[in-house]
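Some notes on the structure that comes next.
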Amino acid sequence: MANPFLRRATEYIRDDTTFLEIVSPAPLTTFLAEHPRKADIFDLPIRVVGAPGSGKTMLAMLAEFRLVEMILRDPTNDTNKQLSVALAGAGFLDDGKPAVAAVRIPMESEYRDFWELPYEDSVKTKLALWLVQARTMLGLLRGLTNGDHRRLDEIRFIARDASEAQLEQIGGLTAAGIRDRALEVQRAIYSIGASLLPPDIDKLPKAATDPYQPFECIQEIDIPWMGGRLTIKPLAILDDVHALHPDQFEQIFTALARREIKFGRWLMMRLDALSPGAVFRSARSVATHNLKPDRDYVDIFMQGGESRDKERRRFRDMAADMADRYLPRVTAFRNRNLPPFRRLVPDEPPRLSEAKMRELEALIDRDQRRFDVTPARRATIEELVAGYLAGTQSGDREREVSLAMVRVLMARYANRVSDQQVSLFEDFDPEPRTPLKANAAVAEAARLHLQALSGRALHYGFDALCDASNENAELFLQLAGALVARMETQAIRGRVLALPANAQQDVLRAKAAEIMDGWAFPFARHVRAMVDGIAADCREVSLLPHARLGAGANAVGVLEEEMGKLLLANDELALILKYAVAHGAIEVTRNYGQGSKDWCLIELSGVVALSHGLTLRRGGFLERDTDYLREKGA
Amino acid sequence: MNLFGLRLIAQIMNWTDDGVATAEYTWLSLMAATKYDGYSDFRAGSRFTENFAIWLKQFDAEDRQTAYDFIKRRLVYISNAELYRAIEAFYPETVTPHLRRLAAQQAGIQPHEVWGSGDGVAAFKRIKRRSLFIGMSDGSRIDIMRRANSGRITQEQVVPMMNIGTEKWLDLAKKIKEADAGDTQFEHVYLIDDFTASGTTFIRFKDGKWNGKLQKFNDMLIGAREAVEAQGKTFPIVENYALHIHHYVSTTQAHEALLERTERANREWSDRTFGSIDVTQGTLLPASLKLTAGRDDAVIALCEKYYNHDLYLRLIEHAGEAEQSDLKMGYADCALPLILEHNTPNNSIPLLWAETTGENGHAMQPLFRRRDRHG
Amino acid sequence: MAHDHWENCVAHFDAQVDVFAKEYFSQADVHCLLVAAAGFDPRSIGIATLLAGHLGDRLSGLFVREERGTPDAGLVTLADQNAEQLRALVPGCEIAAVDIFGNDNAPVAGARIASVIRDYDIADETTDIVLDMTALSIGVAFPAARLLLDHCERRGIAFHIMIASNPELDDAIASEPADRPMAVRGFAGTDHSDAALEISRIWVPQLAKGRSAALTAIGRSIRDTYKICPVVPFPARDPRRADALIAEYGTQLIDEWQVDPRDLVYVSESNPLDCYRTLSTLTKRYADAVDQIFVPSIILSPVGSRVMAAGALMAAIEHDLPVQYIETVRYDFDPAKPAVTAAPDMRVHLLLSGPAYSELDAPPAATNWPSAPKTFGDEPA
């Protein structure tokens, strides 16, 4: 009963063909094709910074020569056509042929382990760099000879301005020579790194300490290609460099930024909004090495580079694409004619049962009396609501929404004409002294209230599913996977596959809770306590009848200045927040301007919103401080 | 994934909540694939899921949840893969340490010193050569045991069944000398079987008489010795040999019963051929496995309600005797929730394995049907 | 590196451990070094108490206090108490603090314990070294075992492993995993990069309660596995333990790892030698099966019970297998919970080297695993 949605896609794909079917070309287009410095991305050192789940590793894997070749050799395949276009746009192809030979080198823990060796920094850095280079050369050659498309002796390396001594040190310019030398270096360094008792500095093997600089010598590679020959640019993609010790990263980066290096080099790292200093800590020290951004290196950010809307649309397309590719692979669906995934999670609004409707109506009537609203006033309000709903584009205009909207407006009315300001309410009031208005915010508030009052589904439909995923492909797959599991049950029972709104809500809420229960990372307990606490407060405020925050709150705001101070101090709370961000519990936006103040916005992730019944719409937040966060996370 | 079977179960269990159904389907498919589908009596097209549906159906609607929960939370299913582990562990974990202790005694050293002493190693090898391994039934899977230990013990030390004819004894007597001329007789005999729930099949005392496999073995040996010596040959087992009883799977109850009864036999049998007797097992099932009042009331109630006395009558017909008055909780009232992949023991509650026609009462449907000569 | 004698490894269990300890350690010419944990685990003291009772002042101790960032205050107190008891039991012992994480929160346990052991002066008169694996984490215990075993083999002295195991207690200790899986220091396996043939990997994760997030992360860090063979306990004190684990890991087994049910490996919960034998057989069979076609690589992840981990340790040393794990950032444990006090510890003793095996094989050749070009301590005269 394998459900491919429940598998953690990318890193897990054992088979290239499968990977190509599910990888999305969007990151290539979005972040590379349109980058202002596109022309330099294979010459200068590039720092690619992406949030977890942003697809940076997928990008690196896709760019590898092995896969590019596979794509180009089967151009009739639709998937491959799409991928080619994207690759060309990003500069990997030229005139339908490869222009770049890339290899991905994951910066696994063994590199970090080098920093524990009992030698001077410069020695440790050299060892790591030599190893990176050796692995790059070996990886390149493996990729170039993959599938027996060419032989080792058909590959030639081209050097520019390299002395004979340098060439000898890298094994010459033949592929065989380079390979043998790389193997020698790798073997020697691997044994040092893996050792329990590292050798004395003067007993290090020669192969590990002799100069070895293929990155400095090699400028291009000359290979046979479909009957002719091609000159392509080599590119080393170092993935997950944030796993290095910060000092180590600084030194390696500086070394790789040297002008003498001809090889293309990308360093991919995970974004950390909460300590821009940590990841970019090298920014200050980098300056001391005389490295300037944009001149000596280029940063590419894989997220937030575009407007939120555009980002959301892009993600939805990618997600729909991915889901449609996965769907036919679900065992239970194998012999069926499947509609696009979108149609299996329709956003047709739920309808309350008659009994619940009556309950709701009774409640509204009681509230009308509670709020001291005259029948005439109520009628006016109802007209306002009716007018809004008639003109709105939203598909959800059920009678219960109308009723709940009336309730919200009645409560606001009571608020505005009452002399007493109940002290529970904050100072922050979005609509002071203006006449009542029925709008989208009120409608959203109504739907949220309906979930609490009548158990009416709030989160359903493909767009909601995407929003709840916080633009994280993996998370999307998990949530979609749970929905698919429910569809399988429908299949078993001989029912139609498409899930009604209530079923979708049930599944999403349960899966979100399961994901949160499964959180197992440093400080997970504290993170859980914190988000649960914040969510409870958000919910409380959101459910107040007058819905001052419209659709409701799903975030807290802390003054940017206060947050800045916290991050510089050696505070456990900072660590908790970092891990919370890294593992998708919260999203952090710095310098969020609102009400003439600068906030650091801490938004609960989609999974938390699903679990606690909060809105997925962004913007509503509670004003708090760091003490509050500390208390909630205790 | 077995769509049809799952749909049946959903109907039978009346799962109106799709969330529940989805979760249960996952569990059912998982356990079927990992374990239960391997049950020896299942055939293609009718494995665990289908049989589970049919089994559940026999119960009244209000009883089905109890039955379902019982399978999900109480059942212990020992697959062949697990049993093979117990078979493979027998020699290195039970025999070797024992041989080492004996070798140490003979060499006059401590057991842990055996591998450091020439005398110790020689003694170890000698005692090993003079050990005979006999399977008490097919379940002993002696073939697997032998193959797992090829290189350590020879074919001539392994006998697959208890009924050993004179010819075979003579053959054993001849072959034992092949490794070392000094070996003329076996000093240790291991009787091996797969499972014991109460120890009753192996040894029991009733109406002033001893019965069971040990009794049979003892008698058989006496007869065999006479027959071989009558031919002027040496019987290949010494007098007062050390006898070792080993079951791959044993309940705590059986272990205690075997200890107690073999100790008595050791004292009381005037014609015993063995000089000492000890009891070991590969896996010990805890005493808490058995269904007990207070803890398993709901299931016990089902055992009562859906019981068909034909079962008991069938047992009496074939076994001629029983120390119980009904079979509601299985043979010897063991009340076990246990399945062995190659066949369900009749010590398990019949609810799991019994099949009756329903002529005189409820037609019992089995989940893991027991194949066997008597009930 | 051959340890043929491990086929006949001297082992003792439960009550027999006491008998053996009395017979063996009371001998006047036995001088023993005990290396163990000085942490919060209530099982930390048992073995030390047993040995101290028989050895008196012939026992020296090196106790490791694993330092992990910001532990729970209650656990710190428990650890302090245990440390006190150990000092009382073994006067003159050394309690060494070992940082599990570097100042950038990267796991560094292996490198740190290696230097602690390298710098510790093992007395010349030492005839036996006992490693009590009970409460040491994998990242510390495995490198320590390798170094100490090597030391003992060079000198022809005895190396013992002892464990007080309690699966129910294990289940009650929750752990928060760190971010990155990695190879245990000293257990990176053979370097296959220049292999002419393709590498075919089998991953052997030991399923343990509550560790699915950790195992999933470890699994993802191992690319391209040909097959995954999860290990579950049978025989076990609770006959349903394996079933419970299978249910807990349902998603992993079916969707994530796509395990063929025939590939489940059952291993004894109480005897490490069963795990050792099973893994050895698996290794040999696989190597035979892919001979000339692929380069076999079997990767172990013994995340749960120490008993099974000890068996994995032996297999890893014997066949140079890589061990992939994920460090623990924090432990969560409430000693007052009922499950914890209910079931008794199961004790294990293994004798892995020394004069006791002199008749079985020649002393093994000097270590040639890709590491120590250097030894610690003096070469024997």
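Values as computed for the structure displayed
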item	result
For chain C: span of alpha carbons on each principal axis (Å, largest first)	55, 50, 43
Carbon/sulfur fraction of accessible area - the range C:181-326, other protein chains in place, 1.4 Å, %	50 percent
DSSP beta bridges in the range C:1-142 [antiparallel fraction, %, rounded to 5]	5 percent
Beta bridge orientation in the protein assembly as shown: antiparallel %, DSSP, nearest 5	35 percent
Protein accessible surface hidden between A and B, which excludes ligands and nucleic acids, total in Å², probe 1.4 Å	1100 Å²
Threshold 20 Å² - residues in the range C:189-204 whose accessible area is reduced by that much or more when the chain is no longer isolated, probe 1.4 Å	C:191, C:193, C:194
For chain A, alpha-carbon Rg relative to the globular expectation (2.2 N^0.38 Å, N residues)	1.13
Largest-first principal axis extents, alpha carbons of the range C:181-326, Å	46, 32, 29
Nearest 10 degrees, 0 to 90: helix B:213-230 Cα axis against chain B principal axis	30 degrees
Probe 1.4 Å, accessible area per residue of the protein assembly as shown, Å²	40 Å²
Antiparallel DSSP beta bridges within chain B, as percent of all bridges there, nearest 5	10 percent
Cα convex hull volume per residue for the range C:251-322 (Å³)	107 Å³
Which of C:3, A:583 is most accessible, then next, and so on - probe 1.4 Å	A:583, C:3
Cα→Cβ-extended label distance, 7 Å offset, between residue A:123 and residue A:562, nm	5.0 nm
Mean Cα-pair separation over length for the range A:178-243, i.e. relative contact order, pairs under 8 Å, 6 or more apart, %	20 percent
Whole-percent carbon and sulfur share, accessible surface of chain A, 1.4 Å	49 percent
Reachable lysines, given that their alpha-carbon falls under 22 Å from the alpha-carbon of residue B:177 and they are not under 8 places away in the same chain	B:125, B:128, B:168, B:233
Carbon + sulfur, % of accessible area of chain B - ligands and nucleic acids excluded, 1.4 Å	46 percent
Where C:241, A:399 fall by accessible area, highest first, once all protein chains stay in place (1.4 Å)	A:399, C:241
The range B:209-278, relative contact order in percent, only Cα pairs under 8 angstrom and at least six apart counted	40 percent
Linear extension gain, residue A:160 paired with residue A:572, 0.36 nm per residue minus alpha-carbon span	143.2 nm
Cβ-defined net charge surrounding residue B:223, 12 Å radius [Lys, Arg +1; Asp, Glu -1]	-2
Chains A and C together, accessible area buried on both sides, 1.4 angstrom probe, square angstrom	4500 Å²
Alpha-carbon Rg/Rh ratio, for the range A:183-223, with Rh computed the Kirkwood way	1.13
Value of D in µm² per second that Stokes-Einstein yields for the range C:37-193, Kirkwood Rh from Cα pairs, at 25 °C (0.890 mPa s)	147 µm²/s
Chain C: most fluctuating residue of C:267, C:290, C:116 per GNM, C-alpha cutoff 10 Å	C:290
Mean separation of Cα contacts under 8 Å, 6 or more apart, over the residue count of chain C: relative contact order %	24 percent
Sum of side-chain charges, residue A:165 neighbourhood, beta-carbon under 14 Å (Lys, Arg +1; Asp, Glu -1)	-4
Cα Rg, Dmax, chain B, angstrom units	24.0, 79
Rg/Rg_ref, the range A:108-165, where Rg_ref = 2.2 N^0.38 Å and atoms are Cα	1.53
Principal-axis tilt of helix A:473-492 within chain A, Cα atoms, nearest 10 degrees	60 degrees
Residues losing 30 Å² or more accessible surface upon assembly, the range A:504-529, compared with the chain by itself, 1.4 Å	A:520, A:522, A:523, A:525
Equivalent ellipsoid semi-axes - Cα gyration tensor, the protein assembly as shown, angstrom	59, 45, 30
Residues in the range C:22-41 occluded by at least 40 Å² - accessible area, probe radius 1.4 Å, against chain by itself	C:23
For the range B:256-375, the spread of Cα positions along each principal axis, largest first, Å	51, 33, 27
Dipole magnitude (debye, nearest 20) for the protein assembly as shown, charges at Cβ of Lys, Arg, Asp, Glu	2880 debye
Rounded to the nearest 10 Å², the accessible area of residue B:328 at probe 1.4 Å	50 Å²
For the pair C and B, total buried accessible area rounded to nearest 100 Å², probe 1.4 Å	2900 Å²
Computed accessible area, residue B:137, all protein chains, 1.4 angstrom probe, square angstrom	40 Å²
C-alpha center-to-center spacing [the range C:250-283, the range A:607-622] in angstrom	42 Å
Angle between chain B longest axis and helix B:96-107 axis [Cα atoms, degrees, rounded to 10]	20 degrees
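The values are calculated or read from the model by the stated rules, or taken from the named source; none is laboratory data. Since the model is a prediction, treat every value here as computed from it, not as a measurement. A quick note on method: Cβ atoms are made from the backbone with ideal geometry, for glycine too, and the neighbour counts reach across all protein chains shown. Protein only, heavy atoms only, side chains kept; ligands, DNA and RNA dropped before computing areas. Shrake-Rupley method; radii C 1.70, N 1.55, O 1.52, S 1.80 Å.
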